[in-house]
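Remarks on the structure that follows.
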Amino acid sequence: METQLAILGGGPGGYAAAFLAADLGMQVTVVDVEPTLGGVCLLRGCIPSKALLHVAKAMGEVQHLSDWGVSFSPPKIDPQALRARKNQVVATLTNGLGQLSKKRQVRVVRARATFENSQTLRLEPVGNQPLEDDRLTFGHCILATGSSPTRLKALEPPSARVMDSTAALDLPDIPETLLVIGGGYIGLEMGTVYAALGSRVSVVEMTDGLLPGADRDLVKPLHKRLERDFEAIWLNTKVTSLAEKKNAIEVSMEGPEGAKTQRFSRVLVAVGRRPNSAGLGLENTKVQIDAKGFVTVDRQQRTADPRIFAIGDVAGEPMLAHKAAHEGKVAVEVLAGHAATFEPRAIPAVVFTDPEIAWAGLTETEAKRQGRRIETAVFPWAASGRAQSVGRPEGLTKWIIDSETERVVGCGIVGVGAGDLIGEAVVAIEFGAHLRDLTDSIHPHPTLCETLGFAAEVYFGTATDLYRPRKKA
Ligand code: NAD
C-alpha cells in the first residue's frame with residue numbers, strides 16, 4: 001500500500017490532522033490498533049469520564065436541593081444501565097468519526113504498525129482481520145501515538161481490584177471503599193464519580209497538595225468540598241506496597257504521621273501518563289526521543305526525520321486532547337506549505353471535578369517562579385448574583401496581568417462551569433487583551449461569565465459589587 005500522508009494513531013490529534021489533510025486535498029491513511037477512530041480520549045478517557053461526571057454532578061445537584069426545601073428519596077443506581085448509556089455516548093461519537101472519514105475518503109487501516117525505515121510502516125494484523133498489505137509506504141508520516149498510564153512496580157499486584165483509568169471507567173462495580181493513588185486530574189475526576197455513586201473514596205497524594213500544577217487559591221475550594229465528599233485526603237504520603245487479601249487490597253502508606261496499613265475494596269492508580277514512543281521501530285528512522293520518552297519536535301511539529309512529524313501526548317506536555325488537535329492541524333498546514341507554527345499564548349486546562357478548575361496562559365505560580373512582574377485581580381464569586389442564586393458561591397475568577405502593559409497573560413477559575421468560562425480567557429490572552437478591553441466588553445447579567453469582566457474591574461478598584469479600592473503604587 002502507498003499513501004501520501006500516513007497518520008499513526010487515530011486519537012483527537014491523529015483524526016483532526018487526517019481530516020484537515022483530506023480537506024486540503026491530500027491522500028491520507030490512518031493506522032490504529034483500535035477498531036474505530038477516537039483514541040484514548042474518546043474510547044477510554046475524556047468522553048466516557050465526562051458522561052459519568054455528568055451523572056455525578058446531577059446527583060450532587062439533586063442532593064443540594066434539600067437546602068432549598070426540595071427533597072428526593074435516595075437514588076437507585078443500576079450500574080449496568082449506567083455503563084450502557086456511557087458506552088452509547090462513545091458509540092455515537094465513534095460512528096460519527098467513521099462516517100466523517102468515509103465522506104472525506106480517509107483510509108483507516110486497523111493494524112499494529114512499526115517503522116521499517118523513514119518511508120515504510122510494517123503492518124501486523126490485529127485480531128483476525130486480514131490486511132490488504134503488510135507494508136505502507138508514505139511520503140510523510142505524522143506520529144500521533146498518544147500516551148499510556150504510568151505503571152509503578154510497587155503498585156502492581158496481579159489483581160483486578162487494582163485499576164488504571166481504563167478499568168475504572170469500565171465501572172466493574174461500585175466498591176464499598178476506593179483508594180485513589182494520585183491526586184491529579186484522573187484521580188480527582190474518577191474519585192468524584194465513585195464518591196457520587198456511593199463509594200467511600202480516599203486519596204493519597206505524594207506532594208503537599210492536590211493538583212500540583214494548579215495555583216493553590218484555585219485548588220482550595222475544591223479541596224474543601226472534597227474533604228466533605230471523600231472519606232480522607234492524605235497529602236505528603238507515599239504508598240509503599242499493595243497486597244491482595246480476601247476481597248480487599250491491603251495498602252501500606254508512609255506519611256507525616258508515620259506508616260499505616262489499611263484495606264480497600266478497590267484501588268485506582270492514577271500517577272501520571274507516559275508517551276507511547278517505545279516499540280515503534282523509531283530507531284529505524286532519524287526521530288529523536290528525549291530522556292522522558294517524548295519525541296523531540298520543533299515548533300512546526302517536525303521531528304529530526306524530515307519525513308516524520310509528531311503531535312499530541314507523544315510529542316510533549318501538556319497531555320491534552322485540544323493541544324494534540326491543534327498541533328495536528330499545524331503539522332498538516334506545514335505539509336501543505338502554509339506558514340504555520342505551534343506557539344499558543346494559552347493552552348487551557350480543565351479539571352472536571354465539582355467545582356471545576358480551569359486555567360489558561362501563565363499561572364500565578366509559574367509567573368512568580370519566572371520572576372516575571374505581574375499583578376493579579378481576583379473576583380470572589382460570593383459577590384456574584386448568579387453564583388449565589390445557584391447556591392455555589394465558593395468560586396473565584398482571577399486574571400494574571402503583565403504589570404507594565406496591563407495586558408492579560410493568564411487566567412484561573414474555580415467554580416461550577418469553570419471549564420466553559422475559560423474559553424473567553426483563552427481568546428482574551430491570545431488577542432493580547434488589555435484589562436480595559438475586558439471592562440469595556442458588556443457581559444450578560446446575571447451569568448458566571450460576568451465574573452471575568454468583574455475581575456478586570458477589581459484591578460481598577462471599580463467593581464460595582466465589591467468594595468476593593470485600588471492600592472496606590
Ligand atoms: P497527573 O499528573 O494529573 O496526576 C498524577 C498525580 O499523582 C500527581 O499529583 C502526582 O504528584 C501524584 N503521584 C505520582 N506518583 C505518586 C505516588 N507514587 N503516590 C502518590 N501520588 C503520586 O496524572 P493523571 O491524573 O494520571 O493524568 C494523566 C494526564 O492525563 C494528565 O496530566 C492530563 O494531561 C491528562 N488528563 C486530563 C484530563 C482533563 O483534561 N480533564 C483528565 C484526565 C487526564
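The values are calculated or read from the model by the stated rules, or taken from the named source; none is laboratory data. Predicted model only: the values in this text are computed from it and were never measured. With ideal geometry, Cβ positions are generated from the backbone for all residues, glycine too; neighbour counts draw on all protein chains shown. Heads up: the accessible areas ignore ligands, DNA and RNA and are worked out on the full protein's heavy atoms, side chains in. Shrake-Rupley method; radii C 1.70, N 1.55, O 1.52, S 1.80 Å.
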Selection from the range 6-27 of residues touching a helix residue (DSSP H, G or I) at 6+ places or on another chain (Cβ under 6 Å) and under 12 Å from LEU143 (Cβ atoms) yields ILE7, GLY11, GLY13, ALA17
Could you go through the range 265-282 and let me know if any residue there is within 13 Å of the ligand (Cβ to nearest atom), farther than 25 Å from SER159 by Cα, at pLDDT 95 or above and of a type outside the set (D, E, K, R).
no
### Message
Scan the range 296-307 and tell me whether some residue there is under 30 Å from ILE413 (Cα atoms) and under 27 Å from the mean Cα position of the chain (by Cα).
### Response
yes
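Quick one: which of ALA91, ALA154, ALA167 is under 18 Å from THR36 (Cβ atoms) and either modelled with pLDDT of 95 or more or within 16 Å of the ligand (Cβ to nearest atom) (or both)? Can you show your working first?
Numbers: ALA154 fails: under 18 Å from THR36 (Cβ atoms); ALA167 fails: under 18 Å from THR36 (Cβ atoms).
Checking each option against the conditions leaves just ALA91.
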With the first residue restricted to the range 271-290 and required to be within 13 Å of THR303 (Cβ to Cβ), and the second required to be of a type in the set (A, V, I, L, M) and open to solvent by 70 Å² or more (accessible area, probe 1.4 Å), Cβ contacts under 8 Å at 6 or more apart or on different chains are SER277/ILE289; LEU282/ILE289
Pairing a residue in the range 139-155 that is open to solvent by 60 Å² or more (accessible area, probe 1.4 Å) with any residue that is assigned to a strand (DSSP E or B) and at pLDDT 95 or above, where Cβ atoms lie under 8 Å and the two sit 6 or more apart in sequence or on different chains, gives HIS140/GLN4; HIS140/LEU5; HIS140/ALA6; HIS140/ILE308; HIS140/PHE309; ARG151/VAL269; LEU152/VAL269
Selection from the range 144-170 of residues among the hydroxyl-bearing types (Ser, Thr, Tyr) and on the phi > 0 side of the Ramachandran plot yields none
Of the conditions (1) out of contact with any helix residue (DSSP H, G or I) (no Cβ under 7 Å at 6 or more places or on another chain); (2) assigned to a helix (DSSP H, G or I); (3) surrounded by fewer than 22 Cβ atoms within 10 Å (Cβ to Cβ), the single one that LEU93 does not satisfy is (1)
For the range 20-41, the count of residues that are more than 16 Å from ASN276 (Cα to Cα) and surrounded by fewer than 24 Cβ atoms within 10 Å (Cβ to Cβ) equals 10
Picked from the range 195-217 (must be in a strand (DSSP E or B) and not small (Gly, Ala, Ser)), the residue nearest to the ligand (Cβ to nearest atom) is VAL204
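Looking only at the range 121-132, filter to residues that are touching a Leu at 6+ places or on another chain (Cβ under 7 Å) and either touching a residue at least 24 places away in the same chain (Cβ under 8 Å) or among the β-branched types (Val, Ile, Thr) (or both); which one of those is farthest from the ligand (Cβ to nearest atom)?
From the range 121-132, those touching a Leu at 6+ places or on another chain (Cβ under 7 Å) are 121, 123, 125, 131; that's our starting set.
Filter once more, keeping what is either touching a residue at least 24 places away in the same chain (Cβ under 8 Å) or among the β-branched types (Val, Ile, Thr) (or both): 121, 123.
Details: LEU121: 27, LEU123: 29 Å.
So the residue we want is LEU123.
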Considering residues that are open to solvent by 40 Å² or more (accessible area, probe 1.4 Å) and either at pLDDT below 95 or part of a strand (DSSP E or B) (or both), the number found within the range 224-264 is 16
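Would you kindly identify the strands (runs of 3 or more DSSP E) lying entirely within the range 289-400 that contain at least 1 residues that are within 13 Å of the ligand (Cβ to nearest atom) and among the acidic types (Asp, Glu)? Walk me through it before giving the result.
Working: elements: 308-310, 349-351, 356-361, 374-380.
Per the criteria, 356-361.
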